[in-house]
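Scroll down for the structure; my scribbles are underneath it.
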Amino acid sequence: MPIVQQALETVKQRNPNEPAFLQSVTEVLESLRPVLERSKKYKDAKILERIVEPERQLIFRVPWQDDRGEIQVNRGFRFEFNSALGPYKGGLRFHPSVNSDILKFLGFEQVFKNSLTTLPMGGGKGGSDFDPKGKSDNEVMRFCQSFMTELFRHIGSDTDVPAGDIGVGGREIGFLFGQYKRLRNEFTGVLTGKGLNWGGSLIRPEATGYGNVYFAQEMLNARDDSLEGKVCVVSGSGNVAQYTVEKLNQLGAKVVSLSDSNGTIYDKDGIDNEKLAWVMELKNIRRGRIREYAEKFGVDYYDGKRPWGIKGDCAFPSATQNEISGKDAETLLNNGCYLVSEGSNMPTVPAGVDLFIEKKILYAPGKAANAGGVAVSGLEMSQNAMRLNWPRDEVDERLRQIMHAIHKNCYETAEEYGHPGNLVIGANIAGFIKVADSMIDQGLV
Ligand code: NDP
């Protein structure tokens, strides 16, 4: 049996009922065929079999007390996937849909993404099925303290450095950091996405959204095109979506949509900076629903719908996995969309990805396009290690250079392996080679 198929069979057997993990492993392994054909060393070192298995998996109980004094119990996870390139690095997700399957897919993707950033970071991911929505600040704090009371013994600035993801923003990172510091009695860069007053990096909150837009710019530049005047469809309304809109506005594009898990708003005049400031207040402070935007600004609201039926030149999925179905991908293409740059992780189902590639639109997979977030987390780690802070312009410029380098690497690797323009193959092969070669260098670990 060919090695890719054999490795996939083993993953299926070892991880039954884990469709998201299998989806991400299948996509990566399938696209590695050209590199496996060219070099036998990966087969001999059983790299595929090793790379799909997390180095360590932690699952723990998280008991906490709600405001009524009632005891609640959630499940906490950390998947320390691969440390060939550096300490495990990757976000924490707090969302009721969190389970081993979702975190393993995210941890696996993170290994290749971090490799692409050019920075020394391994891959990991963690989180909990805790839902911060509708909880008071005190409840969120008590949950975070209990979560960290177990996690602290497994992480450290040279071991494993978590960050935010869905449901984990500045507030949660603050509570988690406070508890870590208290338990260890040390102030280190053990988490990224920290507050500016206590070790955070400028541009970290903006990094994933800004980075995704820089990546889109790189793709357009390669075709002598730009974002100026483009109509853009954005999903989500959290951290990634907000800063995607901010950067698109700066570059002269017009963003016409935002969404949350309840529905989508369509603002044909564009979400300008004033309206965006209102959204930030709605989502980050009042923690309200996007429906209120439609009421406030008198625009359309599509209850229970995603934004992919809205006409636009460019799409920036920025909510969650598998949010663009095969049918959605078809609708986007029929409406003239010719650029899809993924802010969220694995937002497009495989049938949609195939369609984008077949139609040769500008398509950037999440592990390349949204790598700006973890890249600036890596820069936050460097600043913490040196105990200094770089100015905003310097971090932004480094982010821009990193996104340029990632695009160049993916673009040239795709060409080198006979699939010009296919950034899925480019990203997977480029990310893989660096990790695989390092694993071989480090012996059987
Ligand atoms: P936030 O929690 O800040 O925002 C998430 C947004 O997506 C919210 O609008 C949320 O709506 C919506 N959403 C979440 N789950 C669903 C769902 N099942 N269906 C529909 N909408 C949903 O998270 P981020 O902005 O940080 O993350 C968004 C995506 O970007 C994720 O895929 C994440 O993995 C990825 N990413 C994030 C990075 C970062 O630095 N933060 C780095 C790289 C990737 P609601 O409020 O209703 O839940």
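The values are calculated or read from the model by the stated rules, or taken from the named source; none is laboratory data. Please read these numbers as outputs of a predicted model, since none were measured by experiment. Ideal geometry is used to build each Cβ from the backbone, glycine not excepted, and the neighbour counts take in all protein chains shown. The protein model used for the area step is the full one, side chains on, heavy atoms only, and it has no ligands, DNA or RNA in it. Shrake-Rupley method; radii C 1.70, N 1.55, O 1.52, S 1.80 Å.
Sort out the exposed loop GluC sites (Glu not before Pro) in the chain (DSSP loop, at most 11 other Cβ within 10 Å) and tell me the longest stretch that has none.
229-445
Cross-link partners among aspartates and glutamates for Lys296, C-alpha distance below 15 Å, same-chain residues fewer than 8 apart left out?
Qualifying aspartates and glutamates at Cα under 15 Å: Asp267, Asp269, Asp272, Glu274, Glu281.
Report the full-extension gain for the segment Arg287 to Phe187: residue separation times 0.36 nm, less the Cα-Cα distance, to one decimal in nm.
Between Arg287 and Phe187, full extension yields an extra 33.0 nm.
Using DSSP, restrict attention to beta bridges with both residues in segment 54-186 and report what percent are antiparallel, rounded to the nearest 5. Don't skip to the end; give the middle numbers.
On the way: 18 of 25 bridges.
Roughly 70 percent of the DSSP beta bridges within segment 54-186 come out antiparallel.
If you find the alpha carbon centre of segment 1-73 and of segment 337-380, how far apart are they in angstrom?
Between the Cα centres of segment 1-73 and segment 337-380 lies a distance of 20 Å.
Counting only the heavy atoms of the protein chains, how much of His404 is accessible to a 1.4 Å probe, in Å² to the nearest 10?
90
Please report the antiparallel percentage of DSSP beta bridges with both residues in the chain, rounded to the nearest 5.
Antiparallel bridges: around 60 percent, rounded to the nearest 5.
Is there a quick way to get the dipole size of segment 227-374? I mean about its Cα centre, with the Cβ of Lys and Arg at +1 and of Asp and Glu at -1; what is the value in debye to the nearest 20?
On the way: 18 positive and 19 negative charges, 29 e Å.
Its charge dipole is roughly 140 debye.
Only helical DSSP H runs with n ≥ 4 go in: add -39500 (n - 2.57) per run for the chain, normalise by residue count and round the 222 nm mean residue ellipticity to 500 deg cm²/dmol. Before the final figure, lay out each step's value.
Numbers: 18 runs with 213 residues, N = 445.
Calculated mean residue ellipticity at 222 nm is -15000 deg cm²/dmol.
Tell me which trypsin sites (Lys or Arg not before Pro) from segment 351-413 have a DSSP coil assignment and no more than 16 other beta carbons within 10 Å of their own.
For trypsin sites (Lys or Arg not before Pro) across segment 351-413 that sit outside H, G, I, E and B with at most 16 neighbouring Cβ atoms in 10 Å, the list reads Lys359, Lys360, Arg387.
Given points 7 Å out from each Cα along the Cα-Cβ axis, report the Asp44 to Arg153 separation in nanometres with one decimal.
The two pseudo-label positions are separated by 4.2 nm.
List the trypsin sites (Lys or Arg not before Pro) in segment 1-105 that DSSP assigns to loop (not H, G, I, E or B) and whose Cβ has at most 10 other Cβ atoms within 10 Å. Which are they? Don't skip to the end; give the middle numbers.
Details: sites: Lys12, Arg14, Arg38, Lys40, Lys41, Lys43, Lys46, Arg50, Arg56, Arg61, Arg68, Arg75, Arg78, Lys89, Arg93, Lys104; in loops: Lys40, Lys46, Arg68.
Passing sites in segment 1-105 are Lys40, Arg68.
For the chain, with every protein chain kept in place, what is the accessible area per residue (1.4 Å probe, Å²)?
With all protein chains present, the chain gives 41 Å² per residue.
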